[in-house]
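Undergrad: There's a structure below that I have some questions on.
The values are calculated or read from the model by the stated rules, or taken from the named source; none is laboratory data. Since we're looking at a predicted model, the values are computed, not measured. Reconstructed Cβ throughout: ideal geometry from the backbone, glycine too, with neighbour counts over all protein chains shown. Ligands, DNA and RNA are stripped out before the accessible areas are found, and what is left, the full protein with its side chains, is counted by its heavy atoms. Shrake-Rupley method; radii C 1.70, N 1.55, O 1.52, S 1.80 Å.
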Amino acid sequence: MPAAALKDDFEALLKESFELVTPDEGTVVKGMVLAIEAGQAIIDIGYKMEGRVDLKEFAQPGKAPEIEVGDTVEVYLDRVENARGEAVLSREKARREEAWDRLEKAYAKEERVEGAIFGRVKGGFTVDLGGAVAFLPGSQVDVRPVRDAGPLMHMPQPFQILKMDRRRGNIVVSRRAVLEESRAEQRAEIVARLTEGDTIDGVVKNITEYGAFVDLGGVDGLLHVTDMAWRRVNHPSEILSIGETVKVQVIKINKETQRISLGMKQLQADPWDTVENKFPIDSRHTGRVTNITDYGAFVELEPGIEGLVHVSEMSWTKKNVHPGKIVSTSQEVEVVVLEIDSQKRRVSLGLKQTQGNPWDNFAASHPNGTVVEGEVKNITEFGLFVGLDGDIDGMVHLSDLDWDRSGEEAIQDYRKGDMVTAVVTDVDVEKERISLSIKQVGGDKFAEAVAGVKRGDIVTVTVTAIEDGGIEVEHDGMKSFIRRSDLSRDRVEQRPERFTKGDKVDARVTNIDAKTRRLGLSIKAREIAEEKEAVEQYGSSDSGASLGDILGAALKRRDNV
(Lines give C-alpha, C1' and ligand atoms only; values in the text may rest on other atoms or scores of the structure.)
Protein backbone atom coordinates (compact mmCIF):
# COMPACT_ATOMS: atom_id res chain seq x y z
CA MET A 1 0.00 0.00 0.00
CA PRO A 2 1.43 3.38 -0.94
CA ALA A 3 2.66 5.46 1.90
CA ALA A 4 0.25 8.22 0.98
CA ALA A 5 -2.73 5.88 1.37
CA LEU A 6 -1.52 4.67 4.77
CA LYS A 7 -1.16 8.20 5.86
CA ASP A 8 -4.71 9.05 4.82
CA ASP A 9 -6.14 6.02 6.69
CA PHE A 10 -4.23 6.91 9.80
CA GLU A 11 -5.49 10.47 9.66
CA ALA A 12 -9.09 9.23 9.21
CA LEU A 13 -8.81 6.89 12.19
CA LEU A 14 -7.24 9.59 14.29
CA LYS A 15 -9.97 12.00 13.28
CA GLU A 16 -12.64 9.40 14.17
CA SER A 17 -11.08 8.78 17.58
CA PHE A 18 -11.22 12.47 18.33
CA GLU A 19 -14.86 12.62 17.31
CA LEU A 20 -15.78 9.80 19.75
CA VAL A 21 -16.65 11.70 22.94
CA THR A 22 -17.07 9.61 26.08
CA PRO A 23 -20.64 10.11 27.56
CA ASP A 24 -20.92 11.97 30.85
CA GLU A 25 -21.25 10.02 34.03
CA GLY A 26 -24.65 10.46 35.70
CA THR A 27 -26.60 10.50 32.48
CA VAL A 28 -29.05 8.10 30.86
CA VAL A 29 -27.75 6.38 27.72
CA LYS A 30 -29.09 3.73 25.33
CA GLY A 31 -27.55 0.30 24.99
CA MET A 32 -28.16 -3.10 23.42
CA VAL A 33 -28.40 -6.37 25.32
CA LEU A 34 -25.52 -8.55 24.10
CA ALA A 35 -26.04 -11.50 26.39
CA ILE A 36 -27.79 -12.74 29.52
CA GLU A 37 -25.77 -14.79 31.94
CA ALA A 38 -25.49 -15.44 35.67
CA GLY A 39 -28.58 -13.37 36.46
CA GLN A 40 -27.17 -10.35 34.68
CA ALA A 41 -27.61 -8.64 31.34
CA ILE A 42 -24.47 -7.61 29.43
CA ILE A 43 -25.21 -4.31 27.69
CA ASP A 44 -23.22 -2.50 25.04
CA ILE A 45 -23.70 1.24 25.36
CA GLY A 46 -21.36 2.02 22.45
CA TYR A 47 -18.15 3.95 22.64
CA LYS A 48 -16.47 0.58 23.05
CA MET A 49 -18.01 0.28 26.53
CA GLU A 50 -19.97 -2.58 28.03
CA GLY A 51 -21.52 -3.05 31.45
CA ARG A 52 -23.57 -5.51 33.54
CA VAL A 53 -27.01 -4.97 35.08
CA ASP A 54 -28.87 -7.37 37.44
CA LEU A 55 -31.95 -8.81 35.78
CA LYS A 56 -34.11 -7.90 38.79
CA GLU A 57 -33.71 -4.26 37.84
CA PHE A 58 -35.72 -4.96 34.71
CA ALA A 59 -38.65 -6.47 36.64
CA GLN A 60 -41.82 -4.65 37.63
CA PRO A 61 -42.98 -5.15 41.26
CA GLY A 62 -44.51 -8.59 41.57
CA LYS A 63 -43.56 -9.63 38.02
CA ALA A 64 -40.72 -11.49 36.25
CA PRO A 65 -38.10 -9.48 34.31
CA GLU A 66 -38.96 -8.93 30.64
CA ILE A 67 -35.70 -8.64 28.65
CA GLU A 68 -34.12 -10.52 25.77
CA VAL A 69 -30.84 -10.46 23.84
CA GLY A 70 -30.95 -7.76 21.20
CA ASP A 71 -33.31 -5.47 23.13
CA THR A 72 -32.45 -1.82 23.25
CA VAL A 73 -32.74 -0.42 26.73
CA GLU A 74 -31.98 2.81 28.55
CA VAL A 75 -29.56 2.60 31.44
CA TYR A 76 -27.95 5.04 33.81
CA LEU A 77 -24.14 5.49 33.43
CA ASP A 78 -22.88 5.60 36.96
CA ARG A 79 -19.15 5.37 36.10
CA VAL A 80 -17.31 5.03 32.81
CA GLU A 81 -15.04 2.25 34.06
CA ASN A 82 -14.70 0.12 37.15
CA ALA A 83 -11.83 -2.02 38.38
CA ARG A 84 -12.61 -4.63 35.74
CA GLY A 85 -12.66 -2.09 32.97
CA GLU A 86 -16.46 -2.24 32.60
CA ALA A 87 -18.97 0.55 32.66
CA VAL A 88 -21.05 0.70 35.83
CA LEU A 89 -24.69 0.75 34.68
CA SER A 90 -28.10 0.84 36.42
CA ARG A 91 -31.48 0.22 34.88
CA GLU A 92 -33.19 1.18 38.13
CA LYS A 93 -31.59 4.62 38.22
CA ALA A 94 -32.47 5.15 34.61
CA ARG A 95 -36.07 4.32 35.29
CA ARG A 96 -36.00 6.62 38.29
CA GLU A 97 -34.70 9.58 36.28
CA GLU A 98 -37.20 8.90 33.57
CA ALA A 99 -39.97 8.55 36.14
CA TRP A 100 -39.07 11.78 37.94
CA ASP A 101 -39.26 13.74 34.67
CA ARG A 102 -42.64 12.20 33.92
CA LEU A 103 -43.94 12.63 37.46
CA GLU A 104 -42.90 16.28 37.70
CA LYS A 105 -44.90 17.02 34.58
CA ALA A 106 -47.92 15.17 35.97
CA TYR A 107 -47.59 16.94 39.33
CA ALA A 108 -47.49 20.34 37.61
CA LYS A 109 -50.66 19.50 35.70
CA GLU A 110 -52.31 17.83 38.76
CA GLU A 111 -52.75 14.67 36.71
CA ARG A 112 -53.11 11.17 38.16
CA VAL A 113 -50.22 8.74 37.88
CA GLU A 114 -50.23 4.97 37.83
CA GLY A 115 -48.36 2.89 40.36
CA ALA A 116 -48.42 -0.25 42.45
CA ILE A 117 -48.21 -0.71 46.23
CA PHE A 118 -45.34 -3.12 46.89
CA GLY A 119 -44.32 -2.74 50.53
CA ARG A 120 -45.35 -1.68 54.02
CA VAL A 121 -43.42 0.86 56.10
CA LYS A 122 -44.06 2.71 59.32
CA GLY A 123 -47.12 4.88 58.93
CA GLY A 124 -48.08 3.67 55.49
CA PHE A 125 -46.91 1.92 52.30
CA THR A 126 -44.36 2.20 49.49
CA VAL A 127 -45.57 2.68 45.92
CA ASP A 128 -43.65 2.07 42.67
CA LEU A 129 -44.55 4.82 40.21
CA GLY A 130 -42.76 3.28 37.25
CA GLY A 131 -39.26 3.64 38.63
CA ALA A 132 -39.70 6.20 41.40
CA VAL A 133 -40.66 5.07 44.91
CA ALA A 134 -43.32 7.11 46.68
CA PHE A 135 -44.78 7.07 50.19
CA LEU A 136 -48.49 6.38 50.67
CA PRO A 137 -49.66 7.42 54.20
CA GLY A 138 -52.08 5.03 55.87
CA SER A 139 -54.73 7.76 56.05
CA GLN A 140 -54.57 8.19 52.26
CA VAL A 141 -55.19 4.56 51.28
CA ASP A 142 -59.00 4.71 51.25
CA VAL A 143 -61.91 6.91 52.25
CA ARG A 144 -62.42 4.61 55.24
CA PRO A 145 -59.79 2.90 57.42
CA VAL A 146 -58.39 -0.23 55.73
CA ARG A 147 -57.71 -3.17 58.01
CA ASP A 148 -56.28 -5.47 55.35
CA ALA A 149 -54.29 -3.93 52.48
CA GLY A 150 -53.42 -7.34 50.99
CA PRO A 151 -55.87 -7.15 48.05
CA LEU A 152 -54.37 -3.77 47.06
CA MET A 153 -50.73 -4.96 46.88
CA HIS A 154 -48.95 -5.19 43.48
CA MET A 155 -52.07 -4.07 41.65
CA PRO A 156 -51.66 -1.19 39.16
CA GLN A 157 -53.96 1.66 40.14
CA PRO A 158 -54.15 5.45 39.91
CA PHE A 159 -52.69 7.81 42.54
CA GLN A 160 -52.63 11.56 43.08
CA ILE A 161 -49.30 13.21 43.88
CA LEU A 162 -49.61 15.34 47.01
CA LYS A 163 -45.99 16.45 47.39
CA MET A 164 -42.66 16.14 45.51
CA ASP A 165 -39.07 17.05 46.42
CA ARG A 166 -36.58 15.79 43.80
CA ARG A 167 -33.55 17.03 45.69
CA ARG A 168 -34.48 14.94 48.73
CA GLY A 169 -36.04 12.18 46.67
CA ASN A 170 -39.43 12.45 48.46
CA ILE A 171 -42.78 11.77 46.85
CA VAL A 172 -46.06 11.54 48.76
CA VAL A 173 -49.11 10.15 46.98
CA SER A 174 -52.78 9.55 47.79
CA ARG A 175 -55.16 6.85 46.65
CA ARG A 176 -57.96 8.35 48.75
CA ALA A 177 -58.02 11.59 46.72
CA VAL A 178 -58.62 9.58 43.54
CA LEU A 179 -61.40 7.57 45.16
CA GLU A 180 -63.08 10.67 46.59
CA GLU A 181 -63.02 12.36 43.21
CA SER A 182 -64.51 9.29 41.56
CA ARG A 183 -67.10 8.93 44.31
CA ALA A 184 -67.95 12.61 44.05
CA GLU A 185 -68.67 12.22 40.34
CA GLN A 186 -70.69 9.07 40.94
CA ARG A 187 -72.44 10.67 43.90
CA ALA A 188 -73.40 13.74 41.89
CA GLU A 189 -74.87 11.54 39.18
CA ILE A 190 -76.93 9.46 41.64
CA VAL A 191 -78.04 12.48 43.70
CA ALA A 192 -79.25 14.16 40.52
CA ARG A 193 -81.56 11.21 39.89
CA LEU A 194 -83.06 11.22 43.40
CA THR A 195 -85.88 13.42 44.67
CA GLU A 196 -87.21 13.90 48.17
CA GLY A 197 -89.98 11.42 48.91
CA ASP A 198 -88.54 8.61 46.76
CA THR A 199 -88.69 5.10 48.22
CA ILE A 200 -85.62 3.01 47.41
CA ASP A 201 -83.77 -0.09 48.60
CA GLY A 202 -80.36 0.17 50.20
CA VAL A 203 -77.80 -1.93 52.02
CA VAL A 204 -76.66 -1.10 55.56
CA LYS A 205 -72.90 -0.45 55.33
CA ASN A 206 -72.07 0.91 58.77
CA ILE A 207 -73.77 1.37 62.13
CA THR A 208 -72.94 4.09 64.64
CA GLU A 209 -74.49 5.26 67.90
CA TYR A 210 -76.46 7.97 66.12
CA GLY A 211 -77.63 6.03 63.07
CA ALA A 212 -76.67 3.89 60.09
CA PHE A 213 -75.10 4.58 56.68
CA VAL A 214 -77.04 2.97 53.85
CA ASP A 215 -75.50 2.34 50.40
CA LEU A 216 -77.96 3.45 47.74
CA GLY A 217 -75.92 2.01 44.86
CA GLY A 218 -72.75 4.07 44.91
CA VAL A 219 -73.74 6.83 47.28
CA ASP A 220 -74.35 6.64 51.05
CA GLY A 221 -77.29 8.13 52.91
CA LEU A 222 -77.63 8.64 56.65
CA LEU A 223 -80.51 6.91 58.39
CA HIS A 224 -80.66 8.69 61.76
CA VAL A 225 -81.69 6.68 64.80
CA THR A 226 -84.72 8.95 65.34
CA ASP A 227 -85.99 8.15 61.83
CA MET A 228 -85.76 4.36 62.13
CA ALA A 229 -89.03 3.80 64.00
CA TRP A 230 -91.78 5.77 65.71
CA ARG A 231 -90.85 4.14 69.01
CA ARG A 232 -87.72 4.97 70.99
CA VAL A 233 -84.61 3.21 69.63
CA ASN A 234 -81.71 3.23 72.08
CA HIS A 235 -79.20 1.91 69.54
CA PRO A 236 -79.55 1.25 65.77
CA SER A 237 -78.28 -2.31 66.24
CA GLU A 238 -81.63 -3.10 67.90
CA ILE A 239 -83.35 -3.14 64.50
CA LEU A 240 -80.57 -3.14 61.88
CA SER A 241 -77.52 -5.25 61.02
CA ILE A 242 -74.62 -4.63 58.62
CA GLY A 243 -75.30 -6.07 55.15
CA GLU A 244 -79.07 -6.01 55.61
CA THR A 245 -81.20 -4.71 52.73
CA VAL A 246 -83.74 -2.13 53.88
CA LYS A 247 -86.43 -0.03 52.23
CA VAL A 248 -86.01 3.66 53.00
CA GLN A 249 -87.49 6.98 51.99
CA VAL A 250 -85.45 9.98 50.90
CA ILE A 251 -86.29 12.67 53.46
CA LYS A 252 -83.90 15.43 52.46
CA ILE A 253 -81.20 16.07 49.87
CA ASN A 254 -78.62 18.80 50.31
CA LYS A 255 -77.55 19.67 46.77
CA GLU A 256 -74.52 21.65 47.95
CA THR A 257 -73.02 19.04 50.26
CA GLN A 258 -74.72 16.13 48.42
CA ARG A 259 -75.78 14.66 51.74
CA ILE A 260 -78.84 12.45 51.78
CA SER A 261 -81.07 11.95 54.83
CA LEU A 262 -83.13 8.77 54.93
CA GLY A 263 -86.05 7.50 56.98
CA MET A 264 -87.76 4.18 57.66
CA LYS A 265 -90.56 5.24 60.00
CA GLN A 266 -91.95 7.55 57.31
CA LEU A 267 -93.07 4.41 55.43
CA GLN A 268 -95.29 3.42 58.39
CA ALA A 269 -98.49 4.95 59.77
CA ASP A 270 -97.92 7.73 62.28
CA PRO A 271 -99.32 6.56 65.65
CA TRP A 272 -99.68 10.20 66.78
CA ASP A 273 -102.58 10.66 64.35
CA THR A 274 -104.86 8.63 66.64
CA VAL A 275 -103.29 9.33 70.04
CA GLU A 276 -106.12 11.55 71.33
CA ASN A 277 -108.73 8.90 70.58
CA LYS A 278 -106.72 6.04 72.08
CA PHE A 279 -105.55 7.89 75.18
CA PRO A 280 -108.17 10.41 76.34
CA ILE A 281 -107.47 12.77 79.25
CA ASP A 282 -107.83 11.18 82.74
CA SER A 283 -107.79 7.65 81.28
CA ARG A 284 -105.62 5.00 82.93
CA HIS A 285 -103.14 2.84 81.02
CA THR A 286 -100.31 0.43 81.68
CA GLY A 287 -96.97 1.27 80.09
CA ARG A 288 -93.29 0.38 80.19
CA VAL A 289 -90.58 2.70 81.52
CA THR A 290 -88.13 3.28 78.65
CA ASN A 291 -85.87 6.00 79.98
CA ILE A 292 -85.17 7.77 83.26
CA THR A 293 -83.81 11.32 83.54
CA ASP A 294 -83.25 13.81 86.34
CA TYR A 295 -86.58 15.47 85.59
CA GLY A 296 -88.78 12.38 85.20
CA ALA A 297 -89.37 9.07 83.44
CA PHE A 298 -90.54 8.26 79.90
CA VAL A 299 -93.25 5.62 79.65
CA GLU A 300 -94.12 3.85 76.39
CA LEU A 301 -97.89 3.50 76.07
CA GLU A 302 -97.60 1.68 72.72
CA PRO A 303 -94.87 1.42 70.04
CA GLY A 304 -94.17 4.98 68.92
CA ILE A 305 -96.11 6.72 71.73
CA GLU A 306 -94.17 7.79 74.78
CA GLY A 307 -95.27 10.07 77.58
CA LEU A 308 -93.35 11.85 80.29
CA VAL A 309 -94.10 11.38 83.96
CA HIS A 310 -92.58 14.53 85.43
CA VAL A 311 -90.83 14.10 88.75
CA SER A 312 -93.52 16.26 90.37
CA GLU A 313 -96.20 13.78 89.22
CA MET A 314 -94.47 10.66 90.51
CA SER A 315 -95.26 10.66 94.21
CA TRP A 316 -97.46 12.61 96.59
CA THR A 317 -94.86 12.50 99.33
CA LYS A 318 -91.38 11.99 97.82
CA LYS A 319 -90.59 15.51 96.68
CA ASN A 320 -86.81 15.60 96.37
CA VAL A 321 -86.08 12.04 95.25
CA HIS A 322 -84.48 11.06 91.92
CA PRO A 323 -87.00 9.33 89.61
CA GLY A 324 -84.67 6.32 89.49
CA LYS A 325 -85.50 5.60 93.13
CA ILE A 326 -89.22 5.46 92.39
CA VAL A 327 -89.28 3.50 89.11
CA SER A 328 -86.78 1.45 87.12
CA THR A 329 -86.16 0.95 83.40
CA SER A 330 -88.43 -1.68 81.76
CA GLN A 331 -90.77 -1.62 84.76
CA GLU A 332 -94.49 -1.92 84.00
CA VAL A 333 -96.39 0.97 85.61
CA GLU A 334 -99.95 2.25 85.66
CA VAL A 335 -100.30 5.90 84.68
CA VAL A 336 -103.01 8.52 84.12
CA VAL A 337 -103.06 10.74 81.02
CA LEU A 338 -102.89 14.37 82.18
CA GLU A 339 -102.36 16.31 78.95
CA ILE A 340 -101.84 15.69 75.22
CA ASP A 341 -100.16 18.02 72.70
CA SER A 342 -100.37 16.27 69.32
CA GLN A 343 -98.56 19.05 67.47
CA LYS A 344 -95.54 18.90 69.75
CA ARG A 345 -95.95 15.11 70.11
CA ARG A 346 -96.05 15.27 73.88
CA VAL A 347 -98.08 13.33 76.40
CA SER A 348 -97.97 14.28 80.06
CA LEU A 349 -98.59 11.38 82.42
CA GLY A 350 -99.11 11.05 86.14
CA LEU A 351 -98.06 8.19 88.38
CA LYS A 352 -99.27 9.51 91.73
CA GLN A 353 -102.80 10.03 90.36
CA THR A 354 -103.28 6.25 90.29
CA GLN A 355 -103.16 6.36 94.08
CA GLY A 356 -105.46 8.32 96.38
CA ASN A 357 -104.34 11.72 97.62
CA PRO A 358 -102.96 10.83 101.08
CA TRP A 359 -104.03 14.21 102.50
CA ASP A 360 -107.61 13.62 101.29
CA ASN A 361 -107.51 10.15 102.78
CA PHE A 362 -106.10 11.43 106.07
CA ALA A 363 -108.64 14.24 106.34
CA ALA A 364 -111.49 11.78 105.78
CA SER A 365 -110.29 9.34 108.44
CA HIS A 366 -108.83 11.82 110.95
CA PRO A 367 -111.13 14.76 111.69
CA ASN A 368 -109.92 17.56 113.94
CA GLY A 369 -109.51 16.33 117.52
CA THR A 370 -108.38 12.84 116.51
CA VAL A 371 -105.49 11.53 118.59
CA VAL A 372 -102.65 10.11 116.48
CA GLU A 373 -99.27 8.54 117.24
CA GLY A 374 -96.13 8.84 115.14
CA GLU A 375 -92.36 9.00 115.04
CA VAL A 376 -90.46 12.28 115.17
CA LYS A 377 -88.94 12.48 111.67
CA ASN A 378 -87.28 15.84 111.93
CA ILE A 379 -86.72 18.66 114.43
CA THR A 380 -86.53 22.24 113.15
CA GLU A 381 -86.35 25.67 114.69
CA PHE A 382 -90.13 26.06 114.40
CA GLY A 383 -91.33 22.63 115.52
CA LEU A 384 -91.45 18.87 115.09
CA PHE A 385 -92.34 16.83 112.00
CA VAL A 386 -94.15 13.63 112.90
CA GLY A 387 -94.59 10.68 110.51
CA LEU A 388 -98.24 9.66 109.98
CA ASP A 389 -100.20 7.00 108.10
CA GLY A 390 -99.95 7.23 104.29
CA ASP A 391 -96.26 8.18 104.36
CA ILE A 392 -97.05 11.81 105.13
CA ASP A 393 -95.90 14.15 107.89
CA GLY A 394 -97.70 16.39 110.34
CA MET A 395 -96.16 19.36 112.09
CA VAL A 396 -96.29 20.25 115.77
CA HIS A 397 -95.52 23.96 116.06
CA LEU A 398 -93.43 25.20 118.97
CA SER A 399 -96.53 26.81 120.45
CA ASP A 400 -98.31 23.45 120.50
CA LEU A 401 -95.71 21.54 122.51
CA ASP A 402 -96.53 22.57 126.10
CA TRP A 403 -99.11 24.65 127.95
CA ASP A 404 -96.78 26.11 130.54
CA ARG A 405 -93.31 26.22 129.02
CA SER A 406 -92.02 28.11 125.97
CA GLY A 407 -91.65 26.18 122.73
CA GLU A 408 -87.87 26.67 122.70
CA GLU A 409 -87.67 25.10 126.14
CA ALA A 410 -90.16 22.29 125.52
CA ILE A 411 -88.59 21.16 122.22
CA GLN A 412 -85.42 20.21 124.09
CA ASP A 413 -87.32 17.19 125.48
CA TYR A 414 -87.64 15.56 122.04
CA ARG A 415 -85.21 13.58 119.89
CA LYS A 416 -85.42 12.28 116.34
CA GLY A 417 -86.99 8.82 116.40
CA ASP A 418 -89.11 9.45 119.53
CA MET A 419 -92.70 8.20 119.41
CA VAL A 420 -95.16 10.95 120.33
CA THR A 421 -98.93 11.28 120.73
CA ALA A 422 -100.65 14.36 119.33
CA VAL A 423 -104.07 15.73 118.42
CA VAL A 424 -105.04 16.70 114.85
CA THR A 425 -105.92 20.41 114.88
CA ASP A 426 -106.13 21.16 111.13
CA VAL A 427 -105.74 19.45 107.70
CA ASP A 428 -105.14 21.69 104.64
CA VAL A 429 -105.41 19.33 101.63
CA GLU A 430 -104.62 22.03 99.09
CA LYS A 431 -101.40 23.09 100.81
CA GLU A 432 -100.67 19.51 101.89
CA ARG A 433 -100.29 20.49 105.54
CA ILE A 434 -101.38 18.72 108.71
CA SER A 435 -101.23 20.63 111.99
CA LEU A 436 -100.81 18.67 115.23
CA SER A 437 -100.74 19.57 118.90
CA ILE A 438 -99.03 17.62 121.65
CA LYS A 439 -100.14 19.91 124.47
CA GLN A 440 -103.82 19.35 123.68
CA VAL A 441 -103.59 15.62 124.32
CA GLY A 442 -105.78 15.12 127.43
CA GLY A 443 -107.61 18.42 126.93
CA ASP A 444 -107.00 22.05 127.87
CA LYS A 445 -106.43 22.11 131.64
CA PHE A 446 -106.58 25.89 131.82
CA ALA A 447 -109.94 26.01 130.04
CA GLU A 448 -111.26 23.33 132.33
CA ALA A 449 -109.95 25.10 135.42
CA VAL A 450 -111.51 28.47 134.56
CA ALA A 451 -114.75 27.04 133.21
CA GLY A 452 -117.53 29.05 134.85
CA VAL A 453 -115.07 31.48 136.44
CA LYS A 454 -115.29 35.16 135.61
CA ARG A 455 -113.68 38.38 136.75
CA GLY A 456 -114.77 39.38 140.22
CA ASP A 457 -115.47 35.85 141.40
CA ILE A 458 -114.04 34.72 144.72
CA VAL A 459 -112.14 31.41 144.46
CA THR A 460 -110.41 29.29 147.07
CA VAL A 461 -106.80 28.45 146.27
CA THR A 462 -104.07 26.41 147.95
CA VAL A 463 -100.68 27.93 148.76
CA THR A 464 -97.96 25.87 147.03
CA ALA A 465 -94.86 28.05 147.53
CA ILE A 466 -93.71 31.08 149.55
CA GLU A 467 -91.47 33.62 147.80
CA ASP A 468 -90.17 37.10 148.63
CA GLY A 469 -92.34 38.72 146.01
CA GLY A 470 -95.53 36.88 146.91
CA ILE A 471 -97.06 33.44 147.11
CA GLU A 472 -97.67 30.74 144.48
CA VAL A 473 -101.13 29.21 144.60
CA GLU A 474 -103.00 26.48 142.75
CA HIS A 475 -106.59 26.42 141.53
CA ASP A 476 -107.90 23.15 140.01
CA GLY A 477 -104.38 22.16 138.96
CA MET A 478 -103.56 25.57 137.43
CA LYS A 479 -100.77 27.59 139.06
CA SER A 480 -101.13 31.32 139.72
CA PHE A 481 -99.11 33.89 141.61
CA ILE A 482 -100.36 36.50 144.09
CA ARG A 483 -97.94 39.39 144.38
CA ARG A 484 -96.87 40.81 147.76
CA SER A 485 -98.90 44.00 147.18
CA ASP A 486 -102.05 41.90 146.65
CA LEU A 487 -101.66 39.81 149.83
CA SER A 488 -103.62 42.21 152.06
CA ARG A 489 -105.44 45.53 152.23
CA ASP A 490 -103.24 46.48 155.12
CA ARG A 491 -99.62 47.14 154.27
CA VAL A 492 -98.52 45.52 157.55
CA GLU A 493 -100.16 42.25 156.52
CA GLN A 494 -98.55 42.16 153.08
CA ARG A 495 -95.97 39.65 154.31
CA PRO A 496 -95.64 36.35 152.37
CA GLU A 497 -94.20 34.63 155.44
CA ARG A 498 -97.50 34.87 157.28
CA PHE A 499 -98.75 32.15 154.93
CA THR A 500 -97.79 28.48 155.13
CA LYS A 501 -97.54 25.99 152.28
CA GLY A 502 -100.85 24.14 152.13
CA ASP A 503 -102.93 27.03 153.48
CA LYS A 504 -106.23 27.61 151.76
CA VAL A 505 -107.06 31.24 151.08
CA ASP A 506 -109.81 33.08 149.29
CA ALA A 507 -108.87 35.48 146.51
CA ARG A 508 -110.71 37.64 144.01
CA VAL A 509 -110.29 36.93 140.26
CA THR A 510 -108.89 40.11 138.73
CA ASN A 511 -108.00 38.81 135.27
CA ILE A 512 -108.33 35.72 133.02
CA ASP A 513 -105.64 35.74 130.28
CA ALA A 514 -106.21 32.81 127.90
CA LYS A 515 -103.17 33.79 125.84
CA THR A 516 -100.67 33.61 128.71
CA ARG A 517 -102.86 31.05 130.47
CA ARG A 518 -102.72 32.99 133.71
CA LEU A 519 -105.40 33.62 136.33
CA GLY A 520 -104.97 36.99 138.03
CA LEU A 521 -105.77 36.72 141.78
CA SER A 522 -105.76 39.24 144.65
CA ILE A 523 -106.53 38.85 148.38
CA LYS A 524 -106.41 42.62 148.68
CA ALA A 525 -109.10 43.04 146.05
CA ARG A 526 -111.28 40.51 147.85
CA GLU A 527 -110.96 42.39 151.15
CA ILE A 528 -111.79 45.72 149.52
CA ALA A 529 -114.81 44.19 147.82
CA GLU A 530 -116.00 42.65 151.08
CA GLU A 531 -115.59 45.96 152.90
CA LYS A 532 -117.57 47.76 150.27
CA GLU A 533 -120.32 45.16 150.42
CA ALA A 534 -120.40 45.26 154.26
CA VAL A 535 -120.74 49.02 154.30
CA GLU A 536 -123.61 48.84 151.85
CA GLN A 537 -125.44 46.20 153.91
CA TYR A 538 -124.72 47.16 157.51
CA GLY A 539 -124.46 50.89 157.41
CA SER A 540 -121.71 53.40 157.06
CA SER A 541 -119.31 54.90 159.53
CA ASP A 542 -121.00 58.27 159.03
CA SER A 543 -124.10 56.97 160.87
CA GLY A 544 -122.09 56.41 164.04
CA ALA A 545 -121.09 52.74 163.54
CA SER A 546 -117.38 52.02 163.54
CA LEU A 547 -115.74 50.22 160.65
CA GLY A 548 -114.83 47.41 163.04
CA ASP A 549 -118.49 46.98 163.99
CA ILE A 550 -119.54 46.89 160.38
CA LEU A 551 -116.91 44.37 159.34
CA GLY A 552 -117.54 42.30 162.44
CA ALA A 553 -121.22 42.03 161.57
CA ALA A 554 -120.38 41.12 157.99
CA LEU A 555 -117.90 38.45 159.01
CA LYS A 556 -120.30 37.01 161.55
CA ARG A 557 -122.99 36.78 158.88
CA ARG A 558 -120.56 35.13 156.41
CA ASP A 559 -119.50 32.58 159.01
CA ASN A 560 -123.11 31.70 159.78
CA VAL A 561 -123.76 31.17 156.16
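Undergrad: Could you tell me the calculated FRET efficiency between residue 466 and residue 518, based on Cβ-Cβ distance and R0 = 25 angstrom, to the nearest 0.05?
TA: Efficiency, rounded to the nearest 0.05: 0.80.
Undergrad: Roughly what would the spin-label model give for residue 479 and residue 98, points 7 Å off Cα along C-beta, in nm?
TA: Modelled inter-label distance: 12.5 nm.
Undergrad: Once Lys and Arg get +1 and Asp and Glu get -1 on their Cβ, which of 197, 218, 159 lies farthest toward the positive end of the dipole of the range 150-246?
TA: 159
Undergrad: Further, regarding this structure: Normalise the Debye intensity by I(0) for the range 388-502, one equal point scatterer per Cα, no solvent, then take log10 at q = 0.13, 0.16, 0.17 Å⁻¹ and round to two decimals.
TA: Scattering profile of the range 388-502, log10 relative to I(0): -0.71, -0.89, -0.94.
Undergrad: How much length is gained if the chain between residue 382 and residue 199 is pulled fully straight, taking 0.36 nm per residue apart and subtracting their Cα-Cα distance, in nm to one decimal?
TA: Length difference between fully extended and current span is 58.9 nm.
Undergrad: Oh, and also: Only four residue types carry charge here, +1 at the Cβ of Lys and Arg and -1 at the Cβ of Asp and Glu. Report the dipole size of the chain about the Cα centre in Debye, rounded to the nearest 20.
TA: The calculation lands at about 740 debye.
Undergrad: Continuing with the same structure: Please enumerate, by chain and number, the lysines with C-alpha under 24 Å from the C-alpha of residue 377, excluding those fewer than 8 residues away in the same chain.
TA: 318, 319, 325, 352, 416, 431, 439
Undergrad: Sorting 128, 506, 389 by accessible area (1.4 Å probe), largest first, what list results?
TA: Output order, biggest surface exposure first: 389, 506, 128.
Undergrad: How large is the translational diffusion coefficient of the range 86-221 in µm² per second when you combine the Kirkwood radius over alpha carbon pairs with Stokes-Einstein at 10 °C and 1.306 mPa s?
TA: 92 µm²/s
Undergrad: Leaving out same-chain residues fewer than 8 places away, which lysines sit with a Cα under 26 Å from that of residue 532?
TA: 454, 504, 524, 556
Undergrad: Counting each pair of different Cα atoms once, what's the Kirkwood radius of the range 108-166 in Å, rounded to one decimal?
TA: Computed over the range 108-166, the radius equals 12.0 Å.
Undergrad: In debye, nearest 20: dipole of the range 215-317 around its Cα centre with unit charges on the Cβ of K, R (+) and D, E (-)?
TA: In debye, rounded to 20, the range 215-317 gives about 160.
Undergrad: Further question: Is the shape of the range 240-368 rounded, prolate or oblate, going by the alpha carbon gyration tensor and its root eigenvalues a ≥ b ≥ c, with a/c under 1.5 for rounded and a/b larger than b/c for prolate?
TA: prolate
Undergrad: Straight-line reach only, C-alpha to C-alpha below 28 angstrom: list the lysines that residue 56 could link to, leaving out same-chain residues fewer than 8 apart.
TA: Reachable lysines: 30, 48, 93, 105, 122.
Undergrad: Another question about this same structure. Zone of residue 276 (label point 7 Å along Cα→Cβ, backbone N under 20 Å): which residues in the range 326-364?
TA: 336-350
Undergrad: With N set to the residue count of the chain, report its C-alpha Rg divided by 2.2 N^0.38 Å to two decimal places.
TA: 2.33
Undergrad: Same structure again: What's the ranking of 96-103, 251-258, 472-479 by average number of surrounding C-beta atoms within 10 Å, highest first?
TA: 96-103, 472-479, 251-258
Undergrad: Turning to a different aspect of this structure: With unit charges on the beta carbons (Lys and Arg positive, Asp and Glu negative) and the dipole taken about the Cα centre of the chain, which residue among 358, 258, 106 sits farthest to the positive side?
TA: 358
Undergrad: Then there's this: State, as an integer percentage, the relative contact order of the range 170-286 based on alpha-carbon contacts under 8 Å between residues 6 or more apart.
TA: Contact order relative to length: 24 percent.
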